[in-house]
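Report on one structure; see the data block that follows.
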Amino acid sequence: MRAGFPEFRLGAVLATSFTGTLSERFGEPVERIPVPHRLIDWLAVYGLAVDSCSLEQLDLARELRESVHAAATASALREPLPADAVRIIGDRSAGGRAAAVLTPDGQRRWRLGASSVEDALSVIAADAVDVISGERDGKLALCASPTCRAAFFDASQSRTRKWCDMNTCGNRQKKARFNAARRGPAGAAD
């Protein structure tokens, strides 16, 4: 990873991991793709290597990210999906020329046409369609951290995960509860 930028929060589900490139939405937001080369870095981590990225393409990516977040949040809350978000996700999904290819070891990889950001975004959008439409075994949920509230895909057996990431939000909340319990009730005499 490049020095001077926050680490990526990586997950197993492409679409919800992409929404995690902006975290702490209800606290002090942390933008993890503030410049085009950080989007290039993030895409490479997920096997969607692109050669270059313009500021306009970064804006398209952020628009898709926010649309996926809005639609995933609505789905998790069992609310109607925002029409603009649905349109943007559909447009990005249809706008690429990416192809799924099978590797000799039986893995799926993506082949991007001319290694373009638009093709990579189409893969993310298609993944969002699968996740939000219920095509995958699991459910969308929202992080229990009041400053985060990230949408994540819960594929655990019980479907009761509370945190988008146990190593960040979960640990932070558990530490806060532990410290509060050590202090005891407010105003208690020693």
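FYI, it's all coordinate maths here, none of it is from the lab. Since we're looking at a predicted model, the values are computed, not measured. Cβ: placed from backbone, ideal geometry, glycine included. Neighbour counts: every protein chain shown.
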Among F153, T21, S122, whose Cα lies farthest out toward the positive end of the dipole of the chain, if unit charges sit on the beta carbon of Lys, Arg (+1) and Asp, Glu (-1)? F153
Residue of F26, F152, F18 that the Gaussian network model of the chain assigns the largest fluctuation, springs spanning Cα pairs under 10 Å: F26
Counting every C-alpha pair in the chain, the percent lying more than 21 Å apart is 54
Can you pull out the cysteines in the chain that have no other Cys Cβ under 4.7 Å? C53, C169
Modelling each spin label as a point 7 Å along the Cα-to-Cβ direction, I'd like the A12/A49 distance in nm, to one decimal. 2.6
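For Cα pairs less than 8 Å apart in space and 6+ apart in sequence, what is the mean separation divided by the residue count of the chain, i.e. the relative contact order in percent? It would help to have the intermediate numbers written out before the result.
Details: 277 pairs, mean separation 38.7, N = 190.
Reported as a whole number, the value is 20 percent.
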Calculate the dipole size of the chain relative to its Cα centre from +1 charges on Lys and Arg beta carbons and -1 charges on Asp and Glu beta carbons; express the result in debye to the nearest 20. 880
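Compute the longest continuous run of the chain that contains no exposed GluC sites (Glu not before Pro); treat a site as exposed when its DSSP state is not H, G, I, E or B and it has at most 10 other Cβ atoms within 10 Å. The partial results should precede the final answer.
Numbers: sites that count: E7, E135.
After excluding every exposed loop site, the longest remaining stretch is 8-134.
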Positive-end residue, region 14-183 charge dipole about Cα centroid, Cβ charges, pick of G138, G95, W42: G138
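Report, in deg cm²/dmol and to the nearest 500, the calculated mean residue ellipticity at 222 nm for the chain, where each DSSP H run with n ≥ 4 adds -39500 (n - 2.57) and the sum is divided by the residue count. Can you show the working numbers first?
Details: 6 runs with 80 residues, N = 190.
The helix-only estimate for the chain comes to -13500 deg cm²/dmol at 222 nm.
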Just to be sure I understand: with springs between alpha-carbon atoms less than 10 Å apart, which residue in A61, A76, A141 has the highest mean-square fluctuation in the Gaussian network model of the chain? A76
